[in-house]
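Reading through the structure tokens given below for one structure.
The values are calculated or read from the model by the stated rules, or taken from the named source; none is laboratory data. From a predicted model like this one, the values you see are computed outputs, not experimental measurements. Quick reminder, even Gly has a Cβ in these numbers, built from the backbone with ideal geometry, and neighbours come from all protein chains shown.
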Amino acid sequence: MKKILLALMLTILFVACGGSGKSTFTLDNPSDEKITITIDGKEHSLDAKTHEKVELTVGEHTVENDKYKVAFTVYSDSKGGIIELHPKSWTQDWRCSFL
């Protein structure tokens, strides 16, 4: 019980110290073809060689396409980052760089 209470208190402290609780990320499509992905249930379509800004809250998120699903975490001290997507070999080339 003490461990659960400690974990709960640390989680509340962790989230409370996060400022606005949102970080700006850039979805980047460096490929020569259009990509459609879903982040937390919201669809994003990026034309070839384009990018799009998205705001993500602190916590667990998922990014997926028709073949793959990847989970990642945004921490309270995150300043955002770049989510770079490559359609050919998505699991090998998917990168998320945090600032």
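Can you tell me which residues in region 27-41 are surrounded by fewer than 15 Cβ atoms within 10 Å (Cβ to Cβ) and under 18 Å from residue 73 (Cβ atoms)?
Within region 27-41, 38, 40, 41 qualify.
Take the residues of region 59-86 that are of a type in the set (S, T, N, Q) and not in a loop (DSSP other than H, G, I, E, B): which is nearest to residue 36 (Cα to Cα)?
The extreme case among them is 62.
Quick check: anything in region 43-50 modelled with pLDDT under 55 and in contact with a strand residue (DSSP E or B) (Cβ under 7 Å, 6 or more places away or on another chain)?
No, region 43-50 contains no residue that is modelled with pLDDT under 55 and in contact with a strand residue (DSSP E or B) (Cβ under 7 Å, 6 or more places away or on another chain).
Return the total of residues in region 46-58 being assigned to a strand (DSSP E or B) and among the acidic types (Asp, Glu).
Total meeting the criteria: 2.
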